1. Would you be able to say whether some residue in the range A:123-133 is of a type outside the set (A, V, I, L, M, F, W, C) and within 14 Å of chain B (Cβ to nearest Cβ)?
2. Please verify whether the range A:138-148 includes one or more residues that are of a type outside the set (A, V, I, L, M, F, W, C), surrounded by fewer than 17 Cβ atoms within 10 Å (Cβ to Cβ) and at pLDDT below 95.
3. Of the numbered conditions (1) facing chain A (nearest Cβ under 9 Å); (2) part of a loop (DSSP other than H, G, I, E, B); (3) small (G, A, S), B:G72 satisfies every one except a single condition; which is it?
4. Looking at B:E66, B:E103, which is the one that is among the charged types (D, E, K, R), in a loop (DSSP other than H, G, I, E, B) and more than 14 Å from every other protein chain (Cβ to nearest Cβ)?
5. Could you tell me which numbered condition A:P174 fails, if it satisfies all but one of (1) over 17 Å from A:V74 (Cβ atoms); (2) modelled with pLDDT of 90 or more?
6. Counting residues that are of a type in the set (F, W, Y) and crowded, with 21+ Cβ neighbours inside 10 Å, which strands (runs of 3 or more DSSP E) fully inside the range B:1-45 reach at least 1?
7. Scanning the range B:77-93 for residues that are among the aliphatic types (A, V, I, L, M) and crowded, with 23+ Cβ neighbours inside 10 Å, which turns out farthest from B:S129 (Cα to Cα)?
Amino acid sequence: MIHLPRILRMLLPVALGFAVLILWEALVAAYRIPRFVLPAPSAIWQALLDDFPSLMASLWTTLRITLLAFALAVISGVALAVLFSQSRIVEMTLYPYAVILQVTPIVAIAPLIIIWVGFERINLALLILAWIVAFFPILSTTTLGLRSADHNLVDLFRLHGASNWQILTRLRLPSALPYLLNGMKTSGGLALIGTVVAEYGAGSGTATGLAWRIVEAGNRLQIARMFAALFLLAALGVAIFFALALLEYWALHKWHESAVRKEL
Amino acid sequence: MTTIASLRNVERVFTNGVKALGPIDLAVEKGEFLSLLGPSGCGKSTTLRIIAGLLSPSAGTLIWPEGKPRVGFVFQDPTLMPWAIVRDNVRLPLDLAGVPRAEGNARAEAALARVGLTGFSEIFPRALSGGMRMRVSIARAVAAKPQLLLMDEPFAALDEISRDALNEDLLTLWREDELTIVFVTHSVYESTFLSTRIVTMTPRPGRIANEVKLASPPNRTSEWRMSPEFADAARAVSRGLRHATEAAA
């Protein structure tokens, strides 16, 4: 790989983005493309400003459900993985069902969950759906991580009379941390996807997140508004990913090979 | 001489029914530096793990005539916790024994000083060389003041220069702490340099072929390594190993 200064590496994608925006603006103006087909970046920006309060409210709704689902996924995923590590029987009994939950498309489950929970508690339904999607990566990576503890270290702990609890907290959980943090990066993105898909499934009027703003704007052919909501969704996804990548770096950079910057 | 550990008719059978070890009889005498020497698959590591209690014998018994001593174990790999700084790694057996944190830290620092790692206690293992990591591993083993130290080819992965230096330092620890050491190796020269007694083993199944008692000076340094007496001793051990493997083949 060509070695570029740090600042240039960050600037290059930003410069490309601006170039594309300028070209986009110019093409829309030059060919007089109608707003309901492809709005210019300036029109999208205007839509974002015009609808700022309602879009922000929707952003907050989507963000809240995403974060809550993600937090629940981390807590329940780690807890179940710990349970699996302590009992092979529990693992053999439950793991297939976790897999079934994972492989069944969320779009297909959404209507059922929404009917069961009820439209009057739509946020709870969205939370459950987003949790289902976000849960599995945490469970599978943490299960693998807990199992990957150095066997010799396990022997050493036992030799010095460590209890199962000490082996779990002082050896297995730290060994699983890099795996868990990696799973969290996948799971954070999936929590957002799960929330958005669930909002689509919930349909008109009841859900008020960003996905619903997109559906609503699409129905009214307000394409600029659609783009504005889409832009916010993408920004949200990127922010979640970066926050989790930062957390991973912060937790691992001192000791784990994956997070150590190579001196070449 | 008092016996610290005694294996009687010990066998170990793999889960597939193949006999890996034995039957063997072996008495570990208090204060000796005993090496188990032999080719791979001769059951020397299995024997060590049985003594450590990490494996149970399929047949036969392990006896502690003086009661069970405090046991330390050093693996072939340094086997350190990568997320813990050097001092915390060394303190691990003390933590598990319930030693208070402050006392544990002091004992860990003292153990690190003894293996020549003063000033490295705040560093993460990944920043250390292979030889230094092995020193941390040894410091961890001696910090808990073991009466019996079991070592499973601890220096096999090191370069010769680090290995020779560690051999001499290990002998100093053995002398100062009056340790009993059981040391697994496949190196004739290493076992000749370190040991007071060498037991040679042969594979399929692991058996004891012969043993050599060494009348080495208590103070073995690099001088001793270059002496004609050392060469004679190494030749005797080498011959014993050759006979054992030829007889087994």
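The values are calculated or read from the model by the stated rules, or taken from the named source; none is laboratory data. All figures in this text were calculated on a predicted structure; none of them were measured in a lab. Every residue, glycine among them, receives a Cβ derived from its backbone with ideal geometry; neighbour counts consider all protein chains shown.
1. No: the range A:123-133 contains no residue that is of a type outside the set (A, V, I, L, M, F, W, C) and within 14 Å of chain B (Cβ to nearest Cβ).
2. yes
3. It is condition (2) that B:G72 fails.
4. Step by step, each of B:E66, B:E103 is checked, and only B:E66 is among the charged types (D, E, K, R), in a loop (DSSP other than H, G, I, E, B) and more than 14 Å from every other protein chain (Cβ to nearest Cβ).
5. Of the numbered conditions (1) over 17 Å from A:V74 (Cβ atoms); (2) modelled with pLDDT of 90 or more, the odd one out for A:P174 is (1).
6. Passing ranges, in order: B:33-37.
7. B:L92
Condition check ((1) in a loop (DSSP other than H, G, I, E, B); (2) within 14 Å of chain A (Cβ to nearest Cβ); (3) within 12 Å of the chain's Cα centre (by Cα)) across all residues:
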{"position": "B:D88", "(1), (2), (3)": "no, yes, no"}
{"position": "B:S121", "(1), (2), (3)": "yes, no, no"}
{"position": "B:F155", "(1), (2), (3)": "yes, no, yes"}
{"position": "B:L171", "(1), (2), (3)": "no, no, yes"}
